[in-house]
1. Counting only C-alpha contacts under 8 Å and six or more residues apart, can you give the relative contact order of segment 187-236 as a whole percent?
2. Across segment 10-117, how many lysine pairs separated by 8 or more positions, or lying on different chains, have Cα atoms within less than 26 Å?
3. Roughly speaking, what is the stretch gain from R117 to L42, that is 0.36 nm per residue apart minus the C-alpha to C-alpha distance, in nm to one decimal?
4. Using each residue's phi in segment 95-106, evaluate 6.51 cos²θ - 1.76 cosθ + 1.60 at θ = phi - 60° and report the 3J(HN,Hα) Karplus result to the nearest Hz, with x for Gly and Pro.
5. With a 1.4 Å probe and all protein chains kept in place, how much accessible area does M94 have, in Å² rounded to the nearest 10?
Amino acid sequence: MQFSKRKVLKNINLTVEEGSVTAIVGPSGSGKTTLLRTLNLLQTPSEGSVEVAGVQVEANKLNKAVTRQIRAQSTMVFQQFNLFKNLTALENVMSPLIYNKVATFDEAKAQALKVLRDFDLEKIADQYPVTLSGGQQQRVSIARAIVSKPKVVLFDEPTSALDPEMVSGVLNAIAKLAKQHITMVIVTHEIEFARQIADQAIFVEDGEILAQGPANEILSSTGSGRIADFVNSLENRGQPETANVVEGHTPTNQHRFKVISNRQSVATGIQANQ
């Protein structure tokens, strides 16, 4: 991936298993968000290929049809909530079902109410975004993202725009998805939460993956080296209370989604060389 002559992502090679949670961490400006946006084709890769849930696209063969196919398999939750201000919480969650014509009005309403209920948001279903707290708005945004039952949910620092006291509610909403074995890729600075929820962690710096592996190993604050220094710097600033929010989450390893690299082609996995 490059902008003008500057390479933003280099030799990216990433595998995500169905039902697992992957945390992407690293300093600001390292390319984490660009990597996430590339998986959803919100950012166009300059080389390599992307495959999600059996739908594969080559960087030099992108078109609107394959882009829609990739995005039909995944959804993204942004730092900002991006809710429709003129719609209630319920109507916001219904909107992807209605606009994509995958459900009737009554079916969409029933599905949306169920998701809001799962996130303890049923009481604010008829309220407009302006009346909701930041944490409530982000939870509504998550509800809207999953109501269509995507194969993969991509989170771009979902708590970064929230006041500290609002963070735990959003992290608990994400933890509920983990317990349902929904495949998630999360860009986050919440290190303790990532250690608890993620099956694997990716450390990105200067557009490259410097390390990837089990989250509890990659995100360890013990030892020396660049990653331990980074983890310690975040832990020293304080982290929200996340104890026991992911109890009951166990990974699966049946199917995989992939981004195949020009550098190294494998049969399964999520990989990219941009």
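The values are calculated or read from the model by the stated rules, or taken from the named source; none is laboratory data. Since the model is a prediction, treat every value here as computed from it, not as a measurement. Just the protein is used for accessible areas: all its heavy atoms, side chains included, with ligands, DNA and RNA removed. Shrake-Rupley method; radii C 1.70, N 1.55, O 1.52, S 1.80 Å.
1. Numbers: 55 pairs, mean separation 15.7, N = 50.
Relative contact order, segment 187-236: 31 percent.
2. Total qualifying Lys-Lys pairs in segment 10-117 comes to 11.
3. Details: separation 75, 0.36 × 75 = 27.00 nm, distance 3.02 nm.
Stretched fully, the R117-L42 segment lengthens by 24.0 nm.
4. Karplus values, whole Hz, x for Gly and Pro: 3, x, 6, 6, 5, 8, 6, 9, 7, 6, 4, 5.
5. Rounded to the nearest 10, the figure is 10 Å².
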